[in-house]
1. For segment 200-250, name all the residues that are in a helix (DSSP H, G or I) and among the β-branched types (Val, Ile, Thr).
2. Could you please let me know if residue 265 is touching a residue at least 24 places away in the same chain (Cβ under 8 Å), in contact with a Pro (Cβ under 6 Å, 6 or more places away or on another chain) and more than 16 Å from the ligand (Cβ to nearest atom)?
3. Within segment 172-209, which residues are in contact (Cβ under 8 Å) with a residue 12 or more places away in the chain, more than 16 Å from the ligand (Cβ to nearest atom) and in contact with a strand residue (DSSP E or B) (Cβ under 7 Å, 6 or more places away or on another chain)?
4. Based on what the data block shows, is residue 115 over 20 Å from residue 316 (Cα atoms) and surrounded by 24 or more Cβ atoms within 10 Å (Cβ to Cβ)?
5. Which residues, counting only those in segment 261-317, are hydroxyl-bearing (Ser, Thr, Tyr), closer than 23 Å to residue 545 by Cα and surrounded by 14 or more Cβ atoms within 10 Å (Cβ to Cβ)?
6. Scan segment 428-436 and give yes if some residue there is among the acidic types (Asp, Glu) and more than 30 Å from residue 555 (Cα to Cα), otherwise no.
7. For the structure I just gave you, tell me whether residue 336 is crowded, with 20+ Cβ neighbours inside 10 Å, hydrophobic (A, V, I, L, M, F, W, C) and part of a loop (DSSP other than H, G, I, E, B).
8. If you check 340, 309, which single one turns out to be assigned by TED's automatic domain parsing to the domain that holds residue 28 and either within 16 Å of the ligand (Cβ to nearest atom) or touching a Leu at 6+ places or on another chain (Cβ under 8 Å) (or both)?
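The values are calculated or read from the model by the stated rules, or taken from the named source; none is laboratory data. All values reported here derive from a predicted model rather than from experimental measurement. Cβ: placed from backbone, ideal geometry, glycine included. Neighbour counts: every protein chain shown.
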Amino acid sequence: MSETIIGIDLGTTNSEVAVLENDRPIVIGDGPNNIVPSYVGIADDGGILVGEAAKNQYALYPERTVKSIKRRMGSDERVVLDGKEYSPQEISAVILKRLKGMAEQRLGDAVSKAVITVPAYFNDAQRQATREAGEIAGLEVVRIINEPTAAALAYEVEHRVRQNVLVYDLGGGTFDVSVVRIEEDVVEVVASHGNNHLGGDDFDQRIIDHIVKALHDQHDVDARSQQQTMARITRAAEQAKCVLSDHPFAKIEEEYLFERSGNPVHLDLELSREDYEAMIEPYVTETLDAVHIALKGAELTVSDIDQILLVGGATRTPLVRRRLEEEFVRQPRGEVDPDLGVAIGAAIQAGISAGVSVSTCLVDITPYTFGTAALGEVGGIPTHEMFVPVIRKNSPIPVTKSELFYTSYDGQQEVDVRIYQGEDPIASNNIEIGNFRVEGLSDVEEGNPVLLRLSLDLNGVLHVTATEKRTGLEKSIKIDNSLARIGEEGIEAAKERIGVLFDGAWSTDEGSETGDSEAQQGIVQARALIEKAERLLNNASPEDKEDLVDLIESVNDAIASQNMDALKTTTAELADIIYYMEN
Ligand code: AMP
């Protein structure tokens, strides 16, 4: 049996190690999520601390703790730790040694070889320093690979078809975006750009500022003067941030945060996703500016990108996904755990280097979107049938997400909750898989918030709960088989919708008399067609692909400009090419 080569993501904030087990990549760790924070410290008794323990002591003993050493790799800087000097390679080696040890424990065997990932922009000196760190840790670095390349491996991007892939990597302290060209097993990073000081930590900082200000306003105290208090606030802020990725608001509660004039001060705040998103929007815009610089460097435009892969823990932020989707008019892929994707890719590369066959590392994901109907606008037209996705397709399962909805008139004491599966912006064009009524809501003005929570488990059971926020009044239903039953019905419904286009319903001669509901219908049908066209892209010949991409763009332009004549012509052309490709 050949010797196992381990795959390592040596990150600025966190590091991970993965190996192939029964030819499948698995990430190894001893924490709750297999992540080792990239911190090294010296404990009270002089012993060495790595990972979570070192991170925990950072706020209290910064002089005895080192973080973000990756930023100094390749430089001649020395790091002072508890009075002694170390090179960046030596500090990185401590982290690598810990990862190596974890792998050995899991495998029950010694490990001496590794594939280590580095950012695409790392120069020779930085790559060499990474190799040296490996050697110091007792690892022969058989290959150094670029992080975006590892991500493409983890996402199992199809290699036979030429593709342009955008890898968007937003970690704790760094942001990197790379344009990767994949063709015939060659993965080439064509351009990359980023910001070494932008990431989830900045999002935390905005929440920390918000908390400090609230404490000042409510209790007239300056929390910044107290290190231990700030350590607790920092943790609470990061937790709230993670909650806000899945839920519309987060409670930030810390008992006995500190004492003031002999009285305990508690922290009790609620932060809405809306307010949080307003805080972090400038950072997200900054990342998109960098995306455009990378695209320019690759001499490509938004429509040349075939896939967007999400990497880095902070890409769980819904605003990040939404802004990317708006910009590229396609959903970014996030089904591989964004914290672990690079390590998984490194393990796959390790397997390839060792000549081991690698099975797919497919995760369980929901192939459908689940959501509800609400008042809103579709294509600029008001409707009570707007489909609001709660769990988006391709989310890894199990998954729980919630969204807030509001009553729409004064004294509304009942709401009908309808749950749909599908992708259509109009709820009734999707498949209704369950409904229930919540009665006995408070007799108050319109805008009474009701929280809708959807939990999808591995068996395809969807638990739905609606809760009146002010009273906690709750009603739930359980929908069995939410994934299975959809199959045939969903395909039939989709066929019907697409069928309308082929049945010539569009070749009307009403000229400019197109009514609003027809316009709305036209947009819905065009979107369904675009989705279908996007699915066909992967297996299309280069010529067809080019035509498809151009037409998708034209249809999108027509939707955006609300030009119904152009929409008719371009959708008919798109329908033609789809018809031709399918027959
Ligand atoms: P990485 O460096 O890739 O491990 O990413 C770490 C960053 O991701 C940290 O800032 C984390 O707080 C952030 N992160 C982890 N989970 C989530 C989440 N659910 N929502 C938003 N950010 C997250």
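1. 207, 208, 211, 212, 229, 233, 234, 243
2. no
3. 179, 180, 181, 182, 187, 189, 190, 191, 192, 193
4. Judged against the criteria, residue 115 is a match.
5. 303
6. Looking through segment 428-436, none of the residues is among the acidic types (Asp, Glu) and more than 30 Å from residue 555 (Cα to Cα).
7. Here the answer is yes, as residue 336 does meet what is asked.
8. It is 340.
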